[in-house]
Amino acid sequence: MAAIRIENLVRGYGRIEVLKGLSMTVDDGSIYGLLGPSGCGKTTLLKVILGFLAPGAGNVDVKGTIPGSDVGYAPQEIALYGDLSIAETLRFHGRLHGMTSDQIQQRESWLIEFLDLPPASKQIGKMSGGEKRRVSLAVALLHEPGLLLLDEPTVGVDPELRARIWDHLETISQQGTTVIITTHYIDEARQANRVGLMRDGVLLAEDSPLAVMESQSAESLEDAFLALCKREVKA
């Protein structure tokens with residue numbers, strides 16, 4: 001069953017058209033890797049799915065409704081309060097999602113260890129960019145949402161932690177969570193159930209990673225993406 005179904009989505013900013021009749025399908029309880037260069041429209045697409053931006057045209061169906069409290073979002077740009085500590089940040093967001101103090105504390109302990117975060121008392125404004133990005137991911141994971149949208153969550157993350165994050169995404173997707181993740185580490189998305197290769201506001205291909213590679217006689221997703229781009233230019 002589809003958790004997200006998008007048909008002929010158009011969205012822009014003024015006269016600039018960003019999404020140009022894009023269609024995509026994300027299965028319930030799956031990991032969808034959204035791949036493409038900077039400026040191709042990935043972040044705009046996520047914001048439309050979240051309901052932050054209205055479609056200019058086309059249809060967007062997210063589990064039958066616009067998502068509410070059952071969504072977790074880690075944006076590419078850091079959106080945290082610099083004067084709060086990690087603990088205060090998690091407590092603030094946990095309360096927004098109706099979590100009890102005990103629930104927040106239990107998740108806080110696990111998230112700090114899992115994401116290799118500084119002590120919970122450390123102020124956000126005194127943290128490095130990489131640490132802030134991991135706190136943003138912790139906020140998205142905090143309330144164990146049914147829909148998780150992650151915009152470049154592994155940027156600046158060491159390979160060991162990146163592997164742990166992907167292992168966790170596989171685990172929670174098997175438990176029913178639907179995940180959409182954007183990444184510029186194209187070949188790490190081979191771990192996704194389905195990928196969409198995006199360029200200039202449309203999807204060049206959408207299928208399982210293996211099927212996309214086989215369709216282009218490629219040994220990697222990156223090679224498959226390059227082959228698709230070359231075909232588009234020739235067309």
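Remarks
- Candidates are the residues of the range 224-234 that are over 12 Å from GLY36 (Cβ atoms) and in contact with a Ser or Thr (Cβ under 9 Å, 6 or more places away or on another chain); the one that is surrounded by the fewest Cβ atoms within 10 Å (Cβ to Cβ) is ALA227.
- From the list ILE49, ILE78, the lone residue that is in a loop (DSSP other than H, G, I, E, B), under 15 Å from the mean Cα position of the chain (by Cα) and within 23 Å of TRP166 (Cα to Cα) is ILE78.
- Within the range 22-37, residues that are more than 12 Å from MET198 (Cβ to Cβ) have Cβ atoms under 8 Å from residues that are hydroxyl-bearing (Ser, Thr, Tyr) and in a loop (DSSP other than H, G, I, E, B) in these pairs: GLY29/THR177, counting only partners at least 6 apart in sequence or on another chain.
- Verdict on ILE180 being of a type in the set (Val, Ile, Thr), surrounded by 18 or more Cβ atoms within 10 Å (Cβ to Cβ), in the same structural domain as GLY29 (by TED's automatic domain parsing) and assigned to a helix (DSSP H, G or I): no
- Scanning the range 183-200 for residues that are surrounded by 22 or more Cβ atoms within 10 Å (Cβ to Cβ) and not polar (S, T, N, Q) turns up ALA189, ALA192, VAL195, GLY196, LEU197, MET198.
- Condition check for ALA227: over 14 Å from the mean Cα position of the chain (by Cα), small (Gly, Ala, Ser), farther than 17 Å from LEU111 by Cβ and in a helix (DSSP H, G or I): yes
- Positions within the range 133-165 being part of a helix (DSSP H, G or I) and crowded, with 18+ Cβ neighbours inside 10 Å, in sequence order: ARG133, ARG134, VAL135, SER136, LEU137, ALA138, VAL139, ALA140, LEU141, ILE165
- Any hit, the range 177-193, residues being among the basic types (Lys, Arg) and either more than 18 Å from SER136 (Cβ to Cβ) or in contact with an Asp or Glu (Cβ under 8 Å, 6 or more places away or on another chain) (or both): yes
The values are calculated or read from the model by the stated rules, or taken from the named source; none is laboratory data. Computed from a prediction, not measured in an experiment: that's the story for all the values here. Don't worry about glycine lacking a Cβ; one is built from the backbone with ideal geometry, like all the others, and counts go over all protein chains shown.
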